[in-house]
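Scroll down for the structure; my scribbles are underneath it.
The values are calculated or read from the model by the stated rules, or taken from the named source; none is laboratory data. Remember, it's a predicted structure, so these values are computed and weren't measured experimentally. We place every Cβ from the backbone using ideal geometry, glycine too, and count neighbours over all the protein chains shown. Please note that ligands, DNA and RNA were not included when accessible areas were found on the heavy atoms of the full protein model with its side chains. Shrake-Rupley method; radii C 1.70, N 1.55, O 1.52, S 1.80 Å.
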Amino acid sequence: MGTKKGTSVIKTFKAQGLKFVDFSGREFESISQMAKAWGMSPDTLYHRIYRGWCIEKALTEPIRGKDKC
């Protein structure tokens with residue numbers, strides 16, 4: 001799969017019509033759908049992936065400052 005320099009992986013996935021798959025094998029149409037299914041904001045998931053986190057850690061690491069009470 002070729003991409004233009006400076007094109008994000010997420011934009012490339014969307015342009016190619018590819019699915020986003022979490023570590024358990026569930027498929028999603030977008031990062032937003034995946035984030036919502038895991039109970040987090042799309043921004044949080046996007047930034048974790050952008051920072052190089054693996055998908056399992058990005059989805060399961062507790063969100064800082066979010067109370068569990």
Within the stretch 55-69, the residues that are open to solvent by less than 100 Å² (accessible area, probe 1.4 Å) and at pLDDT below 90 are Ile55, Ile63, Gly65
Scanning the stretch 42-54 for residues that are open to solvent by 50 Å² or more (accessible area, probe 1.4 Å) and on the phi < 0 side of the Ramachandran plot gives Asp43, Tyr46, His47, Ile49, Tyr50, Arg51, Trp53, Cys54
Pairs returned, first residue in the stretch 19-48 that is closer than 15 Å to Ile63 by Cβ and assigned to a loop (DSSP other than H, G, I, E, B), second residue that is among the hydrophobic types (A, V, I, L, M, F, W, C) and open to solvent by less than 40 Å² (accessible area, probe 1.4 Å), beta-carbon separation under 8 angstrom, 6 or more apart or interchain, are Trp38/Leu45; Trp38/Leu59; Met40/Leu59; Ser41/Ala35
Residues in the stretch 22-41 that are exposed (fewer than 14 other Cβ atoms within 10 Å of the Cβ) and touching a strand residue (DSSP E or B) at 6+ places or on another chain (Cβ under 6 Å) total 1
